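Asks: Here you go, one structure.
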Amino acid sequence: MGKEAFGLAAKNNSGVLSPFHFSRRETGEKDVRFKVLFCGICHSDLHMIKNEWGISTYPLVPGHEIVGVVTEVGSKVTRFKTGDKVGVGCLVGSCGSCDSCTEGLENYCPKSIQTYGFKYYDDTITYGGYSDNMVCDEGFIIRMPDNLPLDAAAPLLCAGITVYSPLKYHGLDKPGMHIGVVGLGGLGHVAVKFAKAMSLKVTVISTSDSKRDEAINRLGADAFVVSRDQKQIKDAMRTLDGIINTVSATHSLLPLLGLLKPKGKLVMVGAPEKPLELPVMPLIFERKMVMGSMIGGIKETQEMVDMAGKHNITADIELISADYVNTAMERLEKADVRYRFVIDVANTLKPTP
Amino acid sequence: MAKSSDQNKAFGWAANDKSGVLSPFHFSRRENGDDDVTVKILFCGVCHSDLHTIKNDWGFSHYPIIPGHEIVGIATKVGKNVTKFKEGDRVGVGVIIGSCQSCESCNQDLENYCPQLVYTYNSRSSDGTRNQGGYSDKIVVDQRFVLSFPDGLPSDSGAPLLCAGITVYSPMKYYGMTEEKGKHLGVSGLGGLGHIAVKIGKAFGLKVTVISRSSDKESEAIDRLGADSFLVTTDSQKMKDSFGTMDFVLDTVSAEHSLLPLFSLLKVNGKLVALGLPEKPLELPIFPLVLGRKMVGGSQIGGMKETQEMLDFCAKHNIVADIELIKMSDINSAMDRLAKSDVRYRFVIDVANSINSA
């Protein structure tokens, strides 16, 4: 029968979110149940509510940057107790036995279960964090550091790990290295903060000059290059060890490849729907690489959150009430947010009769 | 320009325009300097890059061009500073004959990534000379860019190793393909590069699957070259069955083609290495990269130290190219056949026996 839950769901691909009563499973022996305090709005939520990737089933309760306080733990849970501050990101399950799972990379498990819109082991569909309570297997729960404000820390659970994982995996985390961050949105601004905390030199690459002051004076980037300005691109050629590319719109890779030093790495974390043009010559003549990355494993996510705690890294957020969510989605579509909306769930998501 | 004297006179076959037709051409090489080795050319491989260059497919050809960068010959003269070679030694000259010797790449023995790299042909040296390649009777090269040709490696079938061999060997090492036996390598395209990649892959203990557009070369690949399996890209069921099974794919194809099926063949964390130089950019689907943490990289020949290491490795494992030996005068029809991929798998010009000074 499950426990009552209340949230906001999209009922069709118009993407409009509206009140939704549903139930979550009872707290199983390995489950952690928590009251949701805040949930970040990720651009993926927008893609999913509108079925832009063709995999959405309705009703869809989005949200995979979820933080809250534990209210109940199952009998076999060892690492968490009532009252703990916890979070859940993009994953709530995986097979546990494949090569990826064995290496702590549940995110690449072919049977990984995403926090919303996916079929769980009990054949129910998972519902995400735009809701009042969450229940999740202990293995996918993240402990949130005491010193971080939970609202601003919520986006770390997707945006944070999405940029942290490739910086580490591709060896772009050595002090003194110079990395570029393309796009200054939810992912990009967090990438700048982590990179600076890793003692890297950071250049932000953007299509317009409007965020230059922000990037340098507030976020701490070392330099700013407007990608449409030929001279700025030319002056920055062959200076970067790596680039974290957060842009999901169609765009040209050629100038970005030019900014890399030989052997440099262009990491795609944004996922344009249509294929991009790949100029092969920079790869062949300068041994450059283009790679992709998607969130991170659970162990890695915990490591990232712990680092954020140590260095006081949080997202720049606009806290909104639950009834603002549809307006927020419209603004998100136009990239009109500095840099993540976070829903004040506990205070503003109230069940309607 | 180098002073012309009887000693410097040279003879080769050059293309004069983008028709790519090669014909006899008299020119001169520089005097043998203190650091130089003069090589009497015995054999020269015909690389697909030679064809692209003489037809100006890449847009940076300057005519007249004598191509050829898979050169094996005998040292006939060595300058007074030359320590590594003596007259009579069997030597090789590959794709590069100069670099700055002071940048980060050069200091790491990666002359092939030096921004001031000088190619063996269709290039200009710092003294202004236009460099001409190995479809000629002799070449004069700085000792740092001359390779020692190991005993036991035949001059004719060993010649293609100087470009094709190093072009596949270098990325196999750099991208970690040779670290563990039993890993699965896909070789896309079975031509000059591809057939050597199969041989070198097997010598490193890898499982090798050849990926090809048609089944024509299947028995060749398996029975003669030693590949473990053969995958035809148009067989959608077999392709599907092979999704997510390969650790690496070496893509040797330079014609326009889709990368999506090659990415699908890779396991999570799989690596696709592009070696072919297409005329236009390829289409890169991003989702497979992101969903599977896959990557596409490139590679260009190798440094001199690595090229020597490759030659020694091939000599040890008896790896040579499969060649069709031709006379210099047959070069134009060979180029026509190469354009249609009608060769198993490299033409090599028997230079010494067929190039004659008119």
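Asks: Quick one: which strands (runs of 3 or more DSSP E) lie wholly within the stretch B:196-252 and hold at least 1 residues that are within 21 Å of the chain's Cα centre (by Cα)? Full working, then the answer.
Replies: Working: elements: B:207-212, B:229-232, B:246-251.
Per the criteria, B:207-212, B:246-251.
Asks: When you scan the stretch A:68-86, do you find a residue that is under 17 Å from residue A:341 (Cα atoms), more than 14 Å from every other protein chain (Cβ to nearest Cβ) and touching a Leu at 6+ places or on another chain (Cβ under 8 Å), even just one?
Replies: yes
Asks: Take the residues of the stretch A:58-69 that are crowded, with 20+ Cβ neighbours inside 10 Å and either hydroxyl-bearing (Ser, Thr, Tyr) or in contact with a strand residue (DSSP E or B) (Cβ under 6 Å, 6 or more places away or on another chain) (or both): which is nearest to residue A:35 (Cα to Cα)?
Replies: A:68
Asks: Now a separate question. Is it the case that the stretch B:131-154 has a residue that's buried (at least 17 other Cβ atoms within 10 Å of the Cβ), within 14 Å of chain A (Cβ to nearest Cβ) and assigned to a helix (DSSP H, G or I)?
Replies: Within the stretch B:131-154 (the criterion being buried (at least 17 other Cβ atoms within 10 Å of the Cβ), within 14 Å of chain A (Cβ to nearest Cβ) and assigned to a helix (DSSP H, G or I)), the answer is no, since none of the residues qualifies.
Asks: So which residues in the stretch B:108-126 are more than 10 Å from chain A (Cβ to nearest Cβ), in contact with a Gly (Cβ under 7 Å, 6 or more places away or on another chain) and crowded, with 18+ Cβ neighbours inside 10 Å?
Replies: Correct list: B:111, B:118, B:120, B:121.
Asks: Considering B:253, B:232, which residue is among the β-branched types (Val, Ile, Thr) and at pLDDT 95 or above?
Replies: Checking each option against the conditions leaves just B:232.
Asks: Residues in the stretch A:252-280 that are farther than 21 Å from residue A:178 by Cβ and more than 9 Å from chain B (Cβ to nearest Cβ): how many? Lay out the reasoning, then the answer.
Replies: Start the filter on the stretch A:252-280 by keeping residues that are farther than 21 Å from residue A:178 by Cβ, which leaves A:252, A:271-280.
Restricting the remaining residues to those that are more than 9 Å from chain B (Cβ to nearest Cβ) gives A:252.
Residues that pass the stated criteria total 1.
Asks: Now a separate question. If you take the residues in the stretch B:245-275 that are of a type in the set (Val, Ile, Thr) and more than 8 Å from chain A (Cβ to nearest Cβ), which one is surrounded by the most Cβ atoms within 10 Å (Cβ to Cβ)?
Replies: Among those residues, the one meeting the criterion is B:273.
Asks: With the requirement that a residue be of a type outside the set (Ser, Thr, Tyr), over 18 Å from the mean Cα position of the chain (by Cα) and more than 14 Å from chain B (Cβ to nearest Cβ), what does the stretch A:107-133 give you?
Replies: Result: A:119, A:122, A:123, A:125, A:132, A:133.
Asks: Can residue B:69 be described as within 19 Å of residue B:120 (Cβ to Cβ) and either outside the structural domain of residue B:148 (by the TED database) or buried (at least 18 other Cβ atoms within 10 Å of the Cβ) (or both)? Walk me through it before giving the result.
Replies: Numbers: within 19 Å of residue B:120 (Cβ to Cβ): yes; either outside the structural domain of residue B:148 (by the TED database) or buried (at least 18 other Cβ atoms within 10 Å of the Cβ) (or both): yes.
Considered against the rule, which asks whether it is within 19 Å of residue B:120 (Cβ to Cβ) and either outside the structural domain of residue B:148 (by the TED database) or buried (at least 18 other Cβ atoms within 10 Å of the Cβ) (or both), residue B:69 comes out as yes.
Asks: Would you tally the residues in the stretch A:282-302 being more than 7 Å from every other protein chain (Cβ to nearest Cβ) and out of contact with any helix residue (DSSP H, G or I) (no Cβ under 8 Å at 6 or more places or on another chain)?
Replies: So the answer is 2.
Asks: Sticking with this structure for a sec: Would you mind listing the helices (runs of 4 or more DSSP H) fully within the stretch A:227-334 where at least 2 residues are over 20 Å from residue A:204 (Cβ atoms) and in the same structural domain as residue A:211 (by the TED database)?
Replies: Working: elements: A:230-235, A:254-259, A:281-286, A:298-311, A:325-333.
The helices (runs of 4 or more DSSP H) meeting that bar are A:281-286.
Asks: In the stretch B:104-148, what count of residues is obtained for those that are among the small types (Gly, Ala, Ser) and at pLDDT below 95?
Replies: The number of residues fulfilling the criteria is 4.
Asks: Residues to consider are A:221, A:271; find the one that is free of Cβ contacts under 8 Å to residues at least 40 places away in the same chain and within 29 Å of residue A:315 (Cα to Cα).
Replies: A:271
Asks: Say whether the condition of being assigned by the TED database to the domain that holds residue B:203, more than 23 Å from residue A:252 (Cβ to Cβ) and in a helix (DSSP H, G or I) is met by at least one residue in the stretch B:309-319.
Replies: There is no residue in the stretch B:309-319 that is assigned by the TED database to the domain that holds residue B:203, more than 23 Å from residue A:252 (Cβ to Cβ) and in a helix (DSSP H, G or I).
Asks: Considering every residue within the stretch B:269-290, establish whether at least one is out of contact with any helix residue (DSSP H, G or I) (no Cβ under 9 Å at 6 or more places or on another chain), under 18 Å from residue B:46 (Cβ atoms) and not small (Gly, Ala, Ser).
Replies: no
Asks: Go through the stretch B:276-294 and give me each residue that's farther than 28 Å from residue A:111 by Cα and more than 7 Å from chain A (Cβ to nearest Cβ).
Replies: If the condition is that a residue be farther than 28 Å from residue A:111 by Cα and more than 7 Å from chain A (Cβ to nearest Cβ), then B:276, B:279, B:280 are the ones that fit.
Asks: Considering only the stretch B:324-342, state which residues are touching a residue at least 24 places away in the same chain (Cβ under 8 Å) and either among the charged types (D, E, K, R) or touching an Asp or Glu at 6+ places or on another chain (Cβ under 6 Å) (or both).
Replies: If the condition is that a residue be touching a residue at least 24 places away in the same chain (Cβ under 8 Å) and either among the charged types (D, E, K, R) or touching an Asp or Glu at 6+ places or on another chain (Cβ under 6 Å) (or both), then B:324, B:325, B:327 are the ones that fit.
The values are calculated or read from the model by the stated rules, or taken from the named source; none is laboratory data. Keep in mind it's a predicted model, so treat the numbers as computed, not measured. So basically every Cβ, Gly included, is an ideal-geometry build from the backbone, and we count neighbours across all protein chains shown.
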